[in-house]
Structures are given as C-alpha cells and as structure tokens.
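Quick notes on the structure that follows.
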Amino acid sequence: MKNLNLNLNLLLLCFSILPLQLFSQGKFSKDEQEKLSRAEYLFEENNFISALPLYLDFEKKYKSEIFFKYKIGICYLNKPDEVEKAIPYLEQCHSLEPSLKDVSLYLGLAYLKDYKFDMALELFNQYVKQKPSADMIALVNRYISNAENGKTIVSNQVKSLVENIGDPINTEHSEYVPLISTDGSVLIFTYRGNRSKGGLQNKSFKSDPDGIYYEDIFISYRLGEEWLTPEGIGDNINSNQHDAAIALSADGQKMFIYKSSAKIKGDIYISYLKGDEWSVPEPMGENINSKSWEGSCSLSSDENILYFSSERPGGFGGRDIYRSHKMPNGEWGKAENLGPAINTKLNDDAPFIHPDGITLFFSSQGHTSIGGYDIFSSVLLNEKWSVPENLGYPINTTGDDIYYVITASGEKGFYSSSKANGKGLQDIYSVTPAFPGVKPVLALVLGAITADGEPVEAKIFVTDVEKGELISEFNSNAVSGKYILALTPGKNYKLAFEVEGYEQQIEYIDIKSLDTYVQVAKDLHFYKDESEKLSSAIQPEPIQNMIRQELEKVKQDNTKENYEAKVYNQILKEHGDEKVEDVNFYITLPPETSQKQLNNVNSIASVEKTVSPEGVQVLKAGPYKTFLEAEIARHQLKKADESFSKTIVTVNDKGNEKTVKEFYPEMYTKTYDKPLTADVDFQEQKTGGDNAVKVNNKTNELISDNANYKNLVVDLGNVSMEGLSFKLELGSFENPDDFTLQHLEKYGKIEKKLYDDGKTRYSMGPFTTLAEAEEFRQMIVKKEPQTSDAFVTVFYFGQRKKVEEFFNQPCDPVIAFEFLKEFIGKDLNDEKIYNEFIKKCGKYTCDGLVFRVQIGAYRHPKNFKYKNLDEFGSADITDYPDGITRFTMKEFNSISDAEIFRKKVIKKGTKDAFITAFHNGERKLLDEVILNNFFLRREL
C-alpha cells in the first residue's frame, strides 16, 4: 500500500548496516547468505509477502537478532489479512531498543490498524517528540488524524451488513475492483493470482519465480442468490501485463479497462460487448489519457460524463478526480478537476457515479479517513458537491477500502477491502443496504427486444421531450436482446426503439416528480407481418402505466403495517435460532380462551396462567428458548384452532415482559409521523387468509382447496433456493382466443406459453417464494373476483410442477420435522452446519436417490478445463433450461460417500466442488432434498 511504503527507504537506511554486521560475524553459511540476500531483494522490491517466510525462518534460528523481528513486523504490516501479527514483533523491538529510529511510528501504525486508537496516539505523540524530518511529521500527523477519526467513527457503527462474498469469487489471492451490472446479475472484477495469464513475472513481464502476478479480468454470473465460478473474460482483453476492469456502463454494453506496460504508466481503455464477446480494448482520447497515470473511472448513466482519477500535474495532491463531458462530435472534452470539495492533498481515487447522476462515491486517504483509503459519498446540488461523508464502520476499516459500486436500487453495494480475516490479500465484500438510511431516486427500465421471435440488436434513442434534445443513444445486446435504461427524475422522456426493417416503437415517460426508486420490465417485440403482431402474446401496457403501478406498490410497501411485518420476518430469519441467557419466548393467548381450547394447547405446549397488574388473567404458552421455536409453535396453534390466529410472540427478558419490537429495537429503523394503513392486510396474506384455491373449471385441473396447501404456505412459504420460482396461473386453454383477462396486465406482465399437452397457459410472476405468490393471488382475487380460479404453480429450473407435487412430504411430517428441523432453511455453506448435516444424514437415502459431485457450471462451457481431475475419469456434461451447462463426476448412493469424493476433488485444486442430488434422474439441490424429506426412508 502506498501509505505504508512512503517511508520504507528511510527504514532501509536505518538497517542497511545490520546484515553486513551479521555477515561479517560469520554467523551465516553460504546458503543462508544467499537466502538473506534474496529476502532483502524481495523486501526492497516491496514484495513483502514473499519475503516474510524467509525472515520467519531466520528468526526461528536467530531469536536474539532484532533485525529479523523488525523486518517481520514490517512485512506483516503490509499483509492486510494478518496485520495484527506485526504487533508482538514490533513490541519486542520497541521494548529492547526503544530509541530505535521509527520503531514507535511503526508500532503505533500496527496499533492503529488493529483499532487500538488510544495506544496508537500515545506512540505517535512519542514519535513527534523525537523531532523527525518534515516529511515524517506530515506522515505521523496523518496517522494521528486517522486515529482520532477512528475513535469517533468506529463507536458509531452504521446499520449496514458487510459480508465477504466468499467462494467462488474470493480466493487466497487478490480480487478487487468489482463492477456490478445495473440489475445486479453480472459481476466483473480484477484478479491477481495463480490463474493470472503469464503466471509469476518480473517487471519486464518475463517468467520469474520471484516475480509477481499481474492483473487479469474475470466475470461471473448470478444464478438465484449464488455467483457462478468466475471465468477469464477472454483473450481480447487479458494479456500477460496489467489488465484491470475499472468501470461498466449502466447498460452493461461498455467496459473500461486499465492497462499499463513498460512504456505506459497507466491508461484507460474502452471495450464494447458484441453479442457475448468483448472487443479488443481501444485507448481513450488525449483529454482522458495523459503522460501521467490514469487508473479508474465511472460513466454516467446517460453516457455524457466520464469521471476518472489521474496523477496529472495541476491537481490538489497525489491522485485527483476529474470529469469530462462528451462533445457533440462524440469526443471527450477537456478534463475538469472536481475541486477541493472532493480532492485533497492526499490520494483521491475510484469514482463511481450512481445511475441517479448526482451521487458520487469515491475513495480517499484524506477527509475523515480512519486509515488507508476510506469510501465517501457526495451529492451534486446546483453544480456544487456536498461535504463528503464517510460511509462509516464496518464498511470502512483501518485498511484500504476502495472501488465501491452499487446496484441501481441501492439495495446492495460491492467493494474491495483488505480487512483482516479475509480469504486473501484483497477480497470483494457486499454491503446491504448500500445506501445506509437512504434510497436513490431513479426509474430503471429493462427488458429484451426481439424481431420475429429472435433476440436482436436494436437502437434506443432517449430524448428530452420538453427540450427536444437527444440525451443519449443505446443498443440492446445482439445475442440476448437485453437492454437497460437508467432514467433520472425531473424530465419527460421519449424512448424510440428501432430495429432495421421494422416499424419504430415509441414510449413516453413522465417522471418529472419521481421521488423514489422504481424498476419495471418490458419486453418489446417487432414483427414484419402485422397479422403476426395481432395474433402474438398480449401487448403489454405502456411503460408509463407500469411505472404508476410500481409506485402504488412502493406506497403500500411503505405503510407502517407492511414495514413492521417485513422486519418481523427479517428478525426471524437473522435471529430466530439465537439463544440468550435468561431470555424466554412465549405465545400470548386470548384471555377468553376456553378450557377446551386450553386442552388443545396443552397437547402442543404448556400454558402458564398469571394475573396482570390490572387484575386481568394472562395466558401464555411456553417457555421457548428461541424466537423460531415460539413462532413454529404459534403456527401449530393456528392450524389446530383458527381462534388463535391473533396470538403473538412475547419476550421475557430477565423478568421484564417485552414485545418483539421492544426486544429488537435496532431492527426497526424507520419511523412514521402519522399512522398509515395498508389496503391489504400483509400478515393475513403471508399466512393465508380465508380465500381458498379452487378447481380450474376451464381445464378441469384439480387445484388444492384443502388444508394441506394452507399448511404449506404457512410452514414453507418463505423457502427460497436456486432455480426455484413461483407463478400465478390464470388459466389454460386449448383455444387461446378463450382467454379474456387481458386487462390484468395492469397488475404486471402476463406470460403466454404453449405447453406439450397442446394447452396455452397464461401466468403472472415470477415470485421468489410461495408466500409471495400466494400474497399476490389473494390480492388479485380480492380486486378481480373473476380470477378466483387462479392458482400458484412451481417452476424448478424451468420445469412446471404443482405445489403439492414439488413440496411432497413422503414421511410422517412430525417425525420429519423433529429429525430435520435444524437443517431446514439453514445455510449449508456454513462448514459447521454442513458437517453436522453429513454426520446425521449421511447414510440415509431413498429409492431412486443418488448423489454426484459438481465441479463446474458455465454459460460458456468451452472455457472449462479440468485436467487436474483426469485421474477420476470424465465428467458428465448436462445442459439445463436455465442456460447453464453443469459438470458432475461420479455417482454415489449416500451423501457421506459423495462427501469423501468431494474432499478428494478439493485436494486436487477444484475448491468450489459441491454435492448435488438426483432423484429418478431429476437434479435436486440439497436444500430441496432436506425440504422434501428424502431422508428417513431407508438407511444404508
């Protein structure tokens, strides 16, 4: 890191005599002398990671030599994932030689990085008294500011969840500069490690075992909530020199790349996505690239302003952030420094302009940084940047936190950090929410464009209606037809979609008064034959109407009742299985509960009778040690007796009675100035109201109207997993002309699909969970009584199933629950949970169930090689309806046997291998195997 290396030469001068003294004393053999020379060379080249194990070897043998302790301490200071290990070595140096030049500075820096701010300040102040040079005074004053800032910022943590995104993205090497597509489905990042093109190389890009890995660009696609194994982005971009991804356009069709070579300090290039391949990068013009270093950038959503960082002369410090406007001829204009509101005398880098066009995120070593680079935000108001705000701890740390990007909705952010306890030197982290306390204001319009049923590259012209000016021109992707438009508020827009040889399609969008984030999806279809157009799927509503409907949903979601119901479910998910000493959970029963009803309750839970201070009888079922246990019992009571539908869970906190809201106050961050009411009762929808699903008379398909379906909604309604989605089926017809519910488009897109049985089915969705789908069904039935025949269907990796068919419970549900309840909904990526699952369920199976080890999943399978696994034979290669090709090896009757083989595969280098199940040839995730209780049928 630049801030640590600033004073490295002074340190080397202080110790340059020590190795010579050691050599002259004859302590070292010839081999040791060569080893020390190599360690010193690596250290001088700032290759601390490679130098560290060599110094550690010497320190084991020569424990009294302070020289090695000092060098080890400096190496650990430059190893972000183990920086705390620098402290004992530097403490020994400071204790044995307190007058040693700079030792108090470096020990203070180690304390700073380990969040021991007061101890760091004490040492920094000691160092100042030694009257160092002016340069060192400036450096230590900066560290003092970091420590003072840290005391304030760390004590006021922000309410954002920061998580290492883990496998398969992060490795023991370095992953950084994440680029996220506007819709959050594609992640592009920079990588330095053993998969880098060219391997270890020296400064001349020649193979060298003492060299370093150079940067390459990798890409991963999101499938459900998981990221697929990253792939190199292609030979058009990656070389054996530095190739780093630094920015992605809002529509995902343009990528900006950093390249350097022996002749170029660092320039910005641009590459275009042509179908599914990125073009050879082209350098940006002379107003962007200079003779100095340019290394990061961000393009506004209208593609008219480029923000970038540069070390060119005339700035405020080391690196400054500039911007350039696109000129009428398409060239970039003269660069403008963003000024002292953003730029400091230190390094300011990594700009990201949100698609809203006014919110700038960037990283700085100045302002109120608590150490290294911290991430800041500033808003452009009346052409003036607001005072930058530190995003706070734990987003920012005492290490380098940089390259912050967020999705258009602001729900999730990504950045790279050198946090301790990461997987490698730099890892990519996610932040939820990305906009702490605030949501961006923006309309995101996305979809796909086809011509005569095939994806097509279309031109999209975005015009300001009132000014009559063309704002920008975009293209849909030539292979997928996908397009993304990020429209900022305050304008009336005209969108012109053009495909050569077809009639132009026009949309008008008025979002002048938009005050929240809204996202709509609309596919556009072009036909040369007008009769085909008329006979095609139902024409969707104008985008303007779709935006209005989404705004109405936002309004309903923001009601107090809906908000608190969502928070309740979030608490259940995040804290449901936590046990707290002297805390018990109860179910409060209605005071009018009869003795007969109490007898029913006693079959499920014990009942306590008390009297309130007001003299009213209080009935409580319990106690339960966790919130989840109490909530499960509450649902069981509701199933046993509908009169218990209004029961609530309460908390006894060390003798004090509290509501769930009072016990978890930190989860309820939103306040309301006045009471709000929802049009639809959220909690009733979640648990299934009085509306029953009936028989679809049009197709004579039996749809559940029995208690089993309701029980599934209650017990499994919030289950989500990879490849699983739900849709509301409105009807199926042998003659599509019989469908008469076209007006329901006002509630969302209606999908029309012809199935193998010759029937055309109309559905709405998809939804992530059964509860969401059932909630939507109840809403639409309530507002549109003619949809009472509508029912929910399941789609698993593109295959349609009935709800009961998918959620089939083959065993006694009580026994199944007792045996598997601790694993339902749990994260099997958690090693402790996974090992316990293997231990308890490893030898159980059922007829037709086998297990295989998946070694890869790719959209472009030709890129996947697995030579390291040749000794195990060839892989089974299968294409799935979701467009992903999956590679699996071997077949086992038990999961414990499959686990043994998985560990062998991991030892061979395929560290992201995992087990997947197949029942009668149909692929199933382990979550689904647990959910559907395939265990307990037969023990091997």
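Report the normalised scattering of segment 442-557 as log10 I(q)/I(0) at q = 0.19 Å⁻¹, calculated by the Debye formula with identical scatterers on the alpha carbons.
Taking Cα atoms of segment 442-557 as identical point scatterers yields -1.04.
From Cα pairs below 8 angstrom and at least 6 apart in sequence, can you work out the relative contact order of segment 442-557, rounded to a whole percent? List each step's numbers first, then the result.
Values: 236 pairs, mean separation 34.5, N = 116.
The value is 30 percent.
Kindly provide log₁₀ I(q)/I(0) values, in the same order as q = 0.13, 0.18, 0.19 Å⁻¹, from the Debye equation applied to equal alpha-carbon scatterers of segment 821-932.
Values, matching the q order: -0.50, -0.96, -1.06.
Would segment 366-492 count as rounded, prolate or oblate if I go by the C-alpha gyration tensor, calling it rounded below 1.5 in a/c and otherwise prolate when a/b exceeds b/c, oblate otherwise? Write out the running numbers ahead of the final one.
Numbers: a/c = 3.19, a/b = 1.64, b/c = 1.94.
It is oblate, given that a/c is not under 1.5 and a/b is not larger than b/c.
Extending each Cα 7 Å along its Cβ direction at Glu500 and Glu454, get the distance between those two points in nm, one decimal.
1.4
Can you tell me how segment 161-432 classifies by the Cα gyration tensor, rounded, prolate or oblate, using a/c under 1.5 as the rounded cut?
rounded
Per the Kirkwood formula on distinct C-alpha pairs, the Rh of segment 301-425 is how many angstrom?
It works out to 15.1 Å.
Under a 5 Å amide H to amide H cut-off, with H placed in plane at 1.01 Å, what residues pair with Phe791 once short-range neighbours are removed?
Glu729
List the extent of the Cα atoms of the chain along each of their three principal axes, largest first, rounded to whole Å.
Over the chain, Cα extents along the principal axes are 96, 73, 66 Å.
Given an 8 Å cut-off on Cα distances and at least 6 residues of separation, report the relative contact order of the chain as a percent.
About 7 percent, as a whole number.
Please report, in debye to the nearest 20, how large the charge dipole of segment 719-806 is about its Cα centre when each Lys and Arg carries +1 at its beta carbon and each Asp and Glu carries -1 there. Before the final figure, lay out the partial values.
Working: 13 positive and 16 negative charges, 42 e Å.
Dipole of segment 719-806, to the nearest 20 debye: 200 debye.
With everything on Cα atoms, drop me the angle between helix 86-96 and the longest principal axis of the chain, reported from 0 to 90° to the nearest 10.
Taking Cα atoms only, the helix is inclined about 30 degrees.
Choose one of Leu470, Val853, Pro591: the residue whose Cα lies farthest towards the positive end of the charge dipole of the chain (beta-carbon charges +1 Lys, Arg; -1 Asp, Glu; about the Cα centre).
Value computed over the given set: Val853.
Nothing charged except the Cβ atoms of Lys and Arg (+1) and of Asp and Glu (-1): what's the magnitude of the dipole of the chain about its Cα centre? Round to the nearest 20 debye.
Magnitude of the dipole: close to 2080 debye.
Heavy atoms only, probe 1.4 Å: what % of the accessible area of segment 442-557 goes to carbon and sulfur, would you let me know?
47
Considering only protein heavy atoms and a probe of 1.4 Å, how much of the accessible area of segment 17-155 is carbon and sulfur, as a whole percent?
It is 52 percent, rounded to a whole number.
Which cross-chain or sequence-distant (5 or more) residues have an amide H under 5 Å from the amide H of Leu223, H modelled 1.01 Å from N in plane?
Amide H to amide H, under 5 Å and 5 or more residues apart or across chains, Leu223 pairs with Leu228.
Show me, for segment 241-254, the HN-Hα J-couplings you get by feeding each phi into the Karplus relation (A = 6.51, B = -1.76, C = 1.60, θ = phi - 60°), rounded to Hz, glycine and proline as x.
Each residue's phi maps through the Karplus curve to give 10, 6, 10, 10, 6, 10, 6, 10, 5, 4, 8, x, 9, 9 Hz.
What value, in deg cm²/dmol to 500, does the helix sum -39500 (n - 2.57) over DSSP H runs of n ≥ 4 give at 222 nm once divided by the residues of the chain?
Calculated from helices alone, the mean residue ellipticity at 222 nm is -8000 deg cm²/dmol.
Once you wrap a convex hull around the alpha carbon atoms of segment 17-155, what is its projected area averaged over all directions, in nm²?
Computed as one quarter of the Cα hull surface, the answer is 8.8 nm².
Farthest toward the dipole's positive end in the chain, which of Asn735, Ile153, Ala521, given Cβ charges of +1 (Lys, Arg) and -1 (Asp, Glu) about the Cα centre?
Ile153
In whole angstrom, and with the biggest value first, how far do the Cα coordinates of segment 719-806 range along each principal axis?
35, 32, 21
How much net charge surrounds Leu712 when only other residues with a Cβ under 10 Å from its Cβ are counted (Lys, Arg +1; Asp, Glu -1)?
Within the 10 Å Cβ shell, the charges total -2.
Once you wrap a convex hull around the alpha carbon atoms of segment 580-667, what is its projected area averaged over all directions, in nm²?
5.9
Could you run the Karplus curve 6.51 cos²θ - 1.76 cosθ + 1.60 with θ = phi - 60° over segment 359-370 and give me ³J(HN,Hα) per residue in whole Hz, x for Gly and Pro?
9, 10, 9, 7, 10, 8, 8, x, 6, 10, 4, 9
Please state the charge dipole magnitude for segment 423-531, taken about the Cα centre, from unit charges on C-beta atoms (+1 on K and R, -1 on D and E), reported in debye and rounded to the nearest 20.
Its charge dipole is roughly 640 debye.
Listed here are the pairs Lys710/Lys746; Lys71/Lys206; Lys259/Lys291; which of them are more than 18 Å apart at the Cα?
On the way: Lys710/Lys746 27 Å; Lys71/Lys206 28 Å; Lys259/Lys291 13 Å.
Checking Cα-Cα distances, Lys710/Lys746; Lys71/Lys206 exceed 18 Å.
Picking from Pro542, Ile750, Gly339, whose Cα lies most toward the positive end of the charge dipole for the chain (charges on Cβ: Lys, Arg +1; Asp, Glu -1)?
Gly339
The values are calculated or read from the model by the stated rules, or taken from the named source; none is laboratory data. Computed from a prediction, not measured in an experiment: that's the story for all the values here. Neighbour counts run over all protein chains shown; Cβ positions are idealised from the backbone, glycine included. Keep in mind that these areas ignore ligands, DNA and RNA; they rest on the heavy atoms of the full protein, side chains included. Shrake-Rupley method; radii C 1.70, N 1.55, O 1.52, S 1.80 Å.
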